[in-house]
């Protein structure tokens with residue numbers, strides 16, 4: 001998508017475009033993470049356990065959105081352009097999942113050092129710490145990334161703004177009742 005942007009864009013226009021992209025990605029992640037946290041909260045409350053990390057979804061969405069934008073900026077996963085569309089989406093989703101996982105570990109390690117904890121202790125906090133929790137978190141994140149990558153790749157194939165137009169404009173034709 002960003003590779004199709006004209007080079008004559010001003011710095012302000014580029015910043016505006018990046019800020020919109022960041023907001024859209026963060027918003028999408030916030031809705032996904034918020035739903036997961038709400039689900040976890042409902043399950044734990046059903047067991048009599050109090051759990052209310054209200055800001056966690058927002059903070060995680062903002063951090064991961066920045067990581068995703070950085071991944072797009074360095075063109076992570078763009079190695080295969082002559083593959084079937086489904087393979088490109090699967091490849092990019094897995095590559096971005098790996099990148100987000102690694103960067104989340106680095107983020108936790110830096111936060112641990114800044115807060116006076118050991119790096120080893122911070123690794124226990126990544127995705128819950130146990131292998132089943134880490135695998136479940138990775139699977140959920142993959143399920144979040146697949147629709148995002150599909151939307152992004154479709155937007156790139158159709159051209160800037162065309163997918164948005166298809167999704168949000170009124171349908172015209174004999175099938176639309178108008």
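All of the numbers you see were taken from the coordinates with simple rules; none came from a lab. The structure displayed is predicted, hence computed values, not measured ones. Quick reminder, even Gly has a Cβ in these numbers, built from the backbone with ideal geometry, and neighbours come from all protein chains shown.
Over the chain, what is the mean sequence separation of C-alpha contacts under 8 Å (at least six apart), divided by residue count, expressed as relative contact order in percent? Write out the running numbers ahead of the final one.
Values: 105 pairs, mean separation 34.4, N = 178.
Reported as a whole number, the value is 19 percent.
Given a Förster radius of 41 Å and the C-beta distance between residue 140 and residue 9 as r, what FRET efficiency does 1/(1 + (r/R0)^6) yield to the nearest 0.05?
FRET efficiency, residue 140 to residue 9: 0.70.
Which log10 I(q)/I(0) values, to two decimals, does the stretch 10-159 give at q = 0.09, 0.11, 0.18, 0.19 Å⁻¹ under the Debye formula with one point per Cα?
-0.34, -0.50, -1.21, -1.30
Taking a spot 7 Å from the Cα of residue 18 along the direction of its beta carbon, which residues of the stretch 57-86 have an amide N less than 18 Å from it?
Hits in the stretch 57-86 for residue 18 at 18 Å: 62-76.
Give me the angle, in degrees from 0 to 90, between the Cα long axis of helix 85-114 and the longest principal axis of the Cα atoms of the chain, rounded to the nearest 10.
Approximately 40 degrees, to the nearest ten.
In nm, to one decimal, how far is the modelled label at residue 58 from the one at residue 74, with both set 7 Å along Cα→Cβ?
Inter-label distance under the simple model: 2.9 nm.
Hey, what number do you get for the chain at 222 nm if only DSSP H runs of n ≥ 4 count, each worth -39500 (n - 2.57), divided across all residues, to the nearest 500?
Using -39500 (n - 2.57) per qualifying helix, the result is -24000 deg cm²/dmol.
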